[in-house]
1. Rounded, prolate or oblate, given the Cα gyration tensor of region 124-255, with a/c below 1.5 counting as rounded?
2. Just give me a number: lysine pairs in region 124-255, eight or more positions apart or cross-chain, with C-alpha atoms less than 23 Å apart.
3. Can you put L121, L109 in order of Cβ neighbours within 10 angstrom, beginning with the fewest?
4. Would you list T80, T240 from fewest to most Cβ contacts within 10 Å?
5. Quick one: putting +1 on the C-beta of Lys and Arg, -1 on the C-beta of Asp and Glu, what dipole do you get for region 124-255 around its Cα centre, in Debye to the nearest 20?
6. Can you give the % of DSSP beta bridges in the chain that are antiparallel, to the nearest 5?
7. Angle between the Cα long axis of helix 124-148 and the longest principal axis of the chain, 0 to 90 degrees, nearest 10?
8. Could you tally the net charge around A174, taking each other residue with its Cβ under 14 Å from the Cβ of A174, Lys/Arg +1 and Asp/Glu -1?
Amino acid sequence: MNPHSNADRRLYRIFSETFFVADVAEPLPSIDESSVADYSRPEVVKNGANVVGVRRDGHVIGYLAFNSSESDANAVIPITEQQVIDERLPLADLVVRLREQEYLFMRSLGEVNGIVCRHDLQKPAGRMWLFGMVTMLEVAIERAINNQFPDDGWAELISPTRLEKAKEIQKLRADAGTVSTLTSCLQLADKGQILLKDEELRKQSGFESQNKGSKRIRRLESLRNLLAHSQDIVTNDWDTIVGLAEDLDSILEVVSG
């Protein structure tokens, strides 16, 4: 058993059990059912889904959708149980649910009163959660490499150029008074390449092939860079976010030992 694995699992639980739907959802504006016929989209409807709830006897039972993908904007669309999620649903589960749906409605205190869509993952809580997940995955990959290749035996699995770059970073850190392993000075793409080139590690981590695994690692690195620079993470990286939410448990279980 890896001596760090229990700490890793505790840290993962912090991220998986601390960030919830309520941290990224928007309040759902609503109108009474009697006002639907004369209603037109006001500026107050600013949630990413362009949706307003419809109340009957004080309870939201449906919604109006102001976008081209749904029919008559003044036709009340019933809210189904499949569209409703609890405010305490973890963000990983939210991402998986949003894979097939444009938006979902949040239930709090027994009432539907919030709405969440993919772009809400760009809020600070969503970004913190995603950055933490990618970072933990990178640390786990690094540890798996060190366990498999003591004394930097992985060096022959990357190009001389990338190896030299890692050595340069290690020297810069040493000059600044920081002691770093050579593995920790690799980029995520380099670590991924080592993981994928070692057949045992690749199979254990669930990657079907080097090619497919390499594409996923590059996308993860792109996602992390976009997160670090406060760029749009949903428009081009949604599939990567979904894959991270779906696969993180199994990958971390394997590589952290």
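Computed from the coordinates by the stated procedures, all read-outs in this text should not be read as laboratory data. For clarity, every value in this text was computed on a predicted model and none was experimentally measured. With ideal geometry, Cβ positions are generated from the backbone for all residues, glycine too; neighbour counts draw on all protein chains shown.
1. Since a/c reaches 1.5 but b/c is at least a/b, the shape of region 124-255 is classed as oblate.
2. Summing the qualifying lysine pairs gives 13.
3. The most exposed by this proxy come first: L109, L121.
4. T80, T240
5. Using only the charged Cβ atoms, the result is roughly 300 debye.
6. 75
7. Taking Cα atoms only, the helix is inclined about 30 degrees.
8. Its environment carries a net charge of +1.
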